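Let me begin by presenting the structure, written as structure tokens, before commenting on it.
The values are calculated or read from the model by the stated rules, or taken from the named source; none is laboratory data. Small disclaimer: the values here were computed from a predicted structure and weren't measured. Cβ: placed from backbone, ideal geometry, glycine included. Neighbour counts: every protein chain shown. Heavy atoms of the whole protein, side chains included, go into the accessibility calculation; ligands, DNA and RNA do not. Shrake-Rupley method; radii C 1.70, N 1.55, O 1.52, S 1.80 Å.
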Amino acid sequence: MSIKSVKPKEFTMNILNGVALGVVVSLIPGALLSELSKALGWSFGLYATGIASSLMPIVVGVAVAINFKFTPIQIGSLGMACVVGSGVARVNPDGGFIFQGSGDVINTGLTAAIAVFLILLLGEKLAAFTILVIPTIVTVIGGGLGFLLLPYVKQITSMLGQFVATLTELQPVPMTMAIAVMFAMMIVSPIATVGIATAISLSGIASGAANLGICAAGFGLCIAGWKSNAIPTSLAHFIGSPKMQMANVVKKPKIMLPMVCSAAITGSLAAFLDLQGTPFSAGFGFSGLIGPINALALKPEGWTAGNIITTFIAFLVVPICLGFAFNYLFNTKLGIASSDDYKLDFN
């Protein structure tokens, strides 16, 4: 594969999808088990999930490389470049390196794009010297350019995160509604919701609103396409991810109107009920019960009966009820879309 054989759209999509997959794979263990491990005093759970999250840059690199159908040498080189450019590792004054956090997600994606460009540019020109040159050039030049961009990218993402946090504090209800709607739309786009949430350090009720918006999208799409899709496919919208509807939404964006309205109302519950989340849990919604579990874990009183009931209502009852209501209004009464517009065929 050479640089000329890859179209710009294909290049961009391969990078975005690789980043999305890498972020989800490396952060899911922590999102599912970190709070439970703390509650149970399970130190190995925290140890294992912490390592998994720190390995996110290399997982992103591998996922991106697989999308481009690279060779094993190219895959390893791309993974190393992403680690260098992500900022996850810093020099230990006593020798060696310290890995902390997951690195900067956006800069990891930029580093991956630079490294892929270098690999495609070199192509098959190096022949027998590939094993010597590709790892060196991609890691040092690709990873180095990413490392040079890191301070500027971190400053921009930090400012964006602070801006969202400040607005959420000043106007909690409108902001939680807006965040929920944005994440409901992003979850059916190529954009990685988990990656965005992690990149801007979305936390508190803003994180909770993001999860509620994704819940509204998942349950709403399940209900809207119930007549046209098989039961497992319908359930996968909220058990898995609503992103499976991406192609249908691209063809007819208006089919998301019921979910957008549902997300706005559902998202406001984050402000009213103080439903919070972390940068690592935001973007999952109902999948793996990550949104509800983290909302409960971050409640000051913990897992009380009252908190469990309110969280159950916010993450399950409300989005389902609103899903039926808005599907009836927009699709049955107004004819905005039909069940066939949400049809999925994976055969």
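Results, tabulated for the structure shown:
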quantity: Cα centroid separation - segment 136-163 against segment 270-347, whole Å; calculated: 34
quantity: Rounded if a/c under 1.5, otherwise prolate or oblate - segment 232-347, Cα gyration tensor axes; calculated: prolate
quantity: Cβ-placed point charges (K, R +1; D, E -1), dipole of segment 198-347 about Cα centre in debye, nearest 20; calculated: 360
quantity: Nearest-20 debye value, the chain charge dipole, Cβ charges on Lys, Arg, Asp, Glu; calculated: 740
quantity: Percent RCO, i.e. relative contact order, over the chain, from Cα pairs under 8 Å lying at least 6 residues apart; calculated: 17
quantity: Mean accessible surface per residue for segment 157-234, computed with a 1.4 Å probe while every protein chain stays in place, in Å²; calculated: 36
quantity: Shape of the chain, Cα gyration tensor, a/c cut at 1.5; calculated: oblate
quantity: Helix 172-186 axis, angle to the chain major axis (alpha carbon atoms, nearest 10°); calculated: 60
quantity: Whole-percent carbon and sulfur share, accessible surface of the chain, 1.4 Å; calculated: 73
quantity: For segment 164-296: span of alpha carbons on each principal axis (Å, largest first); calculated: 42, 27, 25
quantity: Furthest towards positive pole of dipole, A184, V24, Y47, structure part the chain, Cβ charges; calculated: A184
quantity: Kirkwood hydrodynamic radius over Cα pairs of segment 64-183, then Stokes diffusion coefficient at 37 °C and 0.692 mPa s, in µm²/s; calculated: 202
quantity: Three-way shape label, segment 1-138, alpha-carbon gyration tensor, a/c 1.5; calculated: prolate
quantity: Solvent-accessible area per residue for segment 235-287 (1.4 angstrom probe, square angstrom); calculated: 37
quantity: Against the rule of thumb 2.2 N^0.38 Å, how large the Cα Rg of segment 178-248 comes out; calculated: 1.11
quantity: Theoretical gain in end-to-end length, L289 to T332 [0.36 nm per residue, Cα-Cα removed]; calculated: 12.4 nm
quantity: Over segment 1-145, relative contact order from alpha-carbon pairs under 8 Å, at least 6 apart, %; calculated: 27
quantity: Estimated FRET transfer efficiency when R0 is 45 angstrom, pair S43-F117 (beta carbons, to 0.05); calculated: 0.60
quantity: Pairs beyond 29 Å (Cα-Cα), from K9/K254; K69/K252; K154/K343; calculated: K69/K252; K154/K343
quantity: Gained length - D345 relative to I308, 0.36 nm times residue gap less alpha-carbon distance; calculated: 9.7 nm
quantity: Rounded to 10°, Cα long-axis angle of helix 257-272 versus longest principal axis of the chain; calculated: 90
quantity: Extended-chain gain in nm, criterion 0.36 nm per residue less alpha-carbon gap, V133 and A89; calculated: 13.5 nm
quantity: Residues L148 and L170, FRET efficiency given R0 of 35 Å [Cβ-Cβ distance, rounded to 0.05]; calculated: 0.50
